[in-house]
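FYI, it's all coordinate maths here, none of it is from the lab. As the structure is a prediction and not an experimental result, all values here were calculated from the model. Reconstructed Cβ throughout: ideal geometry from the backbone, glycine too, with neighbour counts over all protein chains shown.
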Amino acid sequence: MKMYILLIGFILSVSSFAQTGIYLSTGTRYDVSDIESIMDDVLMHNTTRRINIFVHGRGKHPEKGLGVMSELENMYGVSSIMFHWPSWKSAVERPVGNAISSSEDLYVFLNALNNYISEHPFKTFGLKFSLLVHSMGNIVFKEMMQNHYSSGSFKYNLFDTLILNAADVPVRDHQSWVDKIDFSKENFITYNDNDIVLFGSEQLDRFSDDFEEYEGTRLGKNVDKAVKKSNEERSNNAKYLNISKLTFTGHRHFITDLKKKNRELRSIFSRLIKGRRPYLNKRDGVYKVRENVYYFKHD
């Protein structure tokens, strides 16, 4: 089944790779503003009342993301909707400019979703929405928050949970835009001090003089060190989840197998992606709490 989905992604029009769009796990593509068709399709085939919006990171998408969506649906029992942006240039380039340029379309899509929920209270009654923003997708989201979103534009509870996962954006000054998120019941930032992908991303910056504002320690890696060293401020509008001792050198933390060593990590993301607050106690492996920062380890 997974190979079938990847094949669908591969044979999609090459031109679609170079523009934003909305994809369902079937491979069906919609324009970012075509929310009526998107939701009609989702609700027609919906076997769950939980819907996850996924903003992917760097890579050869949409085909790569279609496989991830399938895993999300099978692993967590949700319906998945992916915001696609042109996220690949080459193995040694970070498509920062593409991410920045895509931020307005992310706003268009989320605004359309917000209006749809407001205009269709009976259709959407009981639906739980989560937003999972992964890796370089956080550049798209950050730019949307800074340059397109105005406070109060969306319903305060548009999303039950919002997850900034392994964020490939600088930890520097992140408080300013994270503080502006007022359309989710709860916001979570995951980070892993040993994230090998973000380490590589930081090294790629050495070969480019473009977008210097996006260089430096990433929000998805070594947050504690950056806060201590540079006097950066954490946002009080989010809970920070230090999962370094659960995911080792991992980056795509929400995709795990059923091995015992992944029990806590799987529990955390199972609740987050379903729009529920994780337990944030010993049940999930929390061994230390400092204000709004939670540290996890295996039992």
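Given the DSSP H assignment, sum -39500 (n - 2.57) over each helix run of at least 4 residues in the chain and divide by its residue total; what's the result at 222 nm in deg cm²/dmol, nearest 500?
Values: 11 runs with 104 residues, N = 299.
So the calculated ellipticity at 222 nm is -10000 deg cm²/dmol.
What residue among S184, S102, S90 shows peak mean-square fluctuation when the chain is described by a Gaussian network model with Cα springs under 10 Å?
Result: S90 has the largest fluctuation of those listed.
Which shape class, rounded, prolate or oblate, goes with segment 215-299 when its Cα gyration tensor gives a ≥ b ≥ c as root eigenvalues, a/c under 1.5 marks rounded, and past that a/b bigger than b/c marks prolate? Provide the component values of the computation, followed by the final result.
Details: a/c = 1.84, a/b = 1.55, b/c = 1.19.
Prolate, since a/c reaches 1.5 and a/b exceeds b/c.
Would you calculate the convex hull of the Cα atoms in segment 88-217 and tell me its volume per residue in Å³?
On the way: hull volume 14.5 nm³, N = 130.
Dividing the Cα hull volume of segment 88-217 by its residue count gives 112 Å³.
Once you keep just the Cα pairs under 8 angstrom separated by 6 or more residues, what percentage relative contact order results for the chain? List each step's numbers first, then the result.
Values: 590 pairs, mean separation 47.4, N = 299.
It comes to 16 percent, rounded to a whole number.
In cubic angstrom, how much convex hull volume per residue do the alpha carbon atoms of segment 146-212 span? Don't jump to the answer; show the numbers that get you there.
Working: hull volume 6.8 nm³, N = 67.
With only Cα atoms used, segment 146-212 gives 101 Å³ per residue.
Of the listed pairs K64/K261; K60/K185; K239/K288, which have alpha-carbon separations greater than 23 Å here? Each step should come with its number before you reach the end.
Working: K64/K261 26 Å; K60/K185 32 Å; K239/K288 13 Å.
Beyond 23 Å between Cα atoms: K64/K261; K60/K185.
With θ set to phi - 60° and the Karplus curve 6.51 cos²θ - 1.76 cosθ + 1.60, what are the ³J(HN,Hα) couplings of segment 176-183 in order, to the nearest whole Hz, using x for Gly and Pro?
Ordered by residue, 3J(HN,Hα) equals 4, 8, 5, 4, 7, 6, 10, 10 Hz.
Within segment 79-158, list the chymotrypsin sites (Phe, Trp or Tyr not before Pro) lying in a DSSP loop whose Cβ has at most 14 other Cβ atoms in a 10 Å radius. Display every interim value, and only then the final one.
On the way: sites: F83, W88, Y107, F109, Y116, F122, F125, F129, F141, Y149, F154, Y156; in loops: W88, F122, F125, Y149, F154, Y156.
Sparse-neighbourhood loop chymotrypsin sites (Phe, Trp or Tyr not before Pro): F122, F125, Y156.
Would you mind computing Rg(Cα) / (2.2 N^0.38 Å) for the chain, counting N as its residues? If you can, show how the numbers build up before the last one.
Numbers: Rg = 18.0 Å, N = 299, 2.2 N^0.38 = 19.2 Å.
Normalised Rg, Cα atoms only: 0.94.
Rounded to a whole number of µm²/s, how large is the Stokes-Einstein D of segment 84-134 at 25 °C and 0.890 mPa s, given Rh as the Kirkwood radius over C-alpha pairs? List each step's numbers first, then the result.
Working: Rh = 13.3 Å.
After rounding, the answer is 185 µm²/s.
Amide H to amide H, which residues 5 or more places from K128 or on other chains are under 5 Å from it, using H placed in the peptide plane?
Amide H neighbours of K128, under 5 Å, 5+ apart: R50, I51.
Going by amide H atoms built from the backbone, whose H comes under 5 Å of the H on R218, apart from near neighbours?
For R218, whose amide H was placed from the backbone, the distant partners under 5 Å are V171.
Post the alpha-carbon centroid distance, segment 86-139 to segment 222-299, in whole angstrom.
Segment 86-139 and segment 222-299 have Cα centres separated by 23 Å.
Of all alpha-carbon pairs in segment 23-171, indicate the percentage at a distance above 19 angstrom.
Numbers: 5573 of 11026 pairs.
For segment 23-171, the share of Cα pairs beyond 19 Å comes to 51 percent.
Considering the chain as a Gaussian network with a 10 Å cut-off on Cα pairs, which listed residue, L219, L265, L164, attains the greatest mean-square fluctuation?
Checking each option, the largest mean-square fluctuation is seen for L265.
Specify the residue with the greatest mean-square fluctuation among P62, P95, P86, computed from a Gaussian network of the chain linking alpha-carbon atoms under 10 Å apart.
For the chain, modelled as a Gaussian network with Cα springs under 10 Å, the answer is P95.
Given a cut-off of under 8 Å on Cα pairs at least six residues apart, what relative contact order in percent is computed for segment 135-242? Intermediate values should be presented prior to the final figure.
Values: 179 pairs, mean separation 36.6, N = 108.
Relative contact order, segment 135-242: 34 percent.
With an 8 Å Cα cut-off and a minimum separation of 6 or more residues, compute the relative contact order for segment 57-99 in percent. It would help to have the intermediate numbers written out before the result.
On the way: 35 pairs, mean separation 17.8, N = 43.
Taking the mean separation of contacting Cα pairs over the length of segment 57-99, I get 41 percent.
As a test, work out the antiparallel percent of DSSP beta bridges whose residues both lie in the chain, rounded to the nearest 5. Numbers along the way, then the final one.
Numbers: 12 of 41 bridges.
Of the beta bridges lying entirely in the chain, close to 30 percent run antiparallel.
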